[in-house]
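Quick notes on the structure that follows.
Since every read-out is calculated from the coordinates, none of them should be taken as a lab result. Remember, predicted model here, so these are calculated numbers, not experimental data. Because the Cβ atoms are built from the backbone with ideal geometry, glycine has one as well, and the counts that use them run over all protein chains shown.
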Amino acid sequence: MNRNKYSINLSGMRVTSKETPYIIMGEPVKEADEMCQLRMQVPENIKSYDKLGYATSIETISLIFTHKTIRSSNLSSAKLNDKMEKQRVGVSQFASGRFITCFTHNHHESIPFWAYYGGSDKTKKVQLQFKNFAVSFNDYIYTDYALVAGGKKAFFCSDEYNRTINNNGIIGQQLGLPPINVDFDIRNCIRVISMFDVEYVPAESSIFKEDFSSTTSISFGKDDERENEISDLKMYKPGVLGRQKSNPWDYELETRIMSILKDQEFSAWEYIDLRLKDEVFRDLIIVLSPWIGEAHEEEVKRIINDSALSIDIKESIKIVNSVVEGTLNL
């Protein structure tokens, strides 16, 4: 047997590689049909929060209201305040396949958020308080497709994505099938949507030094039939990425949406924009900067009025002053 070439037959499909294959560990798949569908992971504790806060700027809320999207940044290129988030030995190559949007489940204003978040112009900082969309994610955020750079769309894992791959790929071209969904970037798709609370651990924690890669073997025959074994199979556990920060940042009380791509080593997308349904804006509270001027407050009102939201949703949005307005010397 050629020990440098591996061939695996799965349900009649043969996969041959000159390189040793590897395993990416993740959550177990319970049903066969989950293999080709988007997987949602929203634990019950996340659903218990009253609000999810989002610190940003007036310029950004203009984009949010105009396009009805919210940006998720690639974990490998995101502007992370805690650089130790990326210190995960052995699995850093999978960071580019994970995209995060960061919220806080803190139910009141926090001075560090006013000081360090929302851009450099302190007069234009705002904090958005969304009602907790985690209680019914699909009622508030679209999961058919997201947006990526270049005016392209990106599928969530679905039958339609697989059909598009079949039609537009090499086999489809050879069969003369007509291309479909040509406005989509089909090089990858979003496989998992996960919501979770960030875990804050001591800066000297071993988690920042532990190697999350290892080796294993797979045998396809009896124990004494060594020729039917793939040895030194590389195994990775990238699920730790983006989930822990060092505890100097624990005031954030951060809750994240993480979108994980099917091909986790894919690095062509720096961001994805999640598409928001109108209902996510209902009962939104916009907290104005402690340093805000009258002109900036009017700008926020104009952004809401100029949006394509229905009148009843616009009227449900509240604009409130900061409780620390005029008291900060930052």
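What to note about this one:
- Beta bridges by DSSP in the chain, antiparallel share as percent, to the nearest 5: 75 percent
- Within segment 50-115, trypsin sites (Lys or Arg not before Pro) in DSSP loop having at most 14 other beta-carbon neighbours inside 10 Å: 79
- Among 140-149, 311-320, the order from most to least packed when residues are scored by Cβ within 10 Å on average: 140-149, 311-320
- Pairs spanning more than 25 Å between alpha-carbon atoms, out of 245/318; 79/152; 51/122; 51/83; 245/301; 47/209: 245/318; 51/83; 245/301; 47/209.
- Label positions at residue 48 and residue 263, each projected 7 Å from the Cα along the C-beta direction, are separated by 4.1 nm.
- Exposure proxy order (Cβ contacts within 10 Å, fewest to most) of 281, 266: 266, 281
- Top of 36, 189, 157 by mean-square fluctuation, Gaussian network on the chain, Cα under 10 Å: 36
- Ordering of 296-302, 322-328 by packing [mean C-beta count within 10 Å, highest first]: 296-302, 322-328
- Cα point-scatterer Debye curve for the chain, base-10 log of I(q)/I(0) at q = 0.11 Å⁻¹: -0.82
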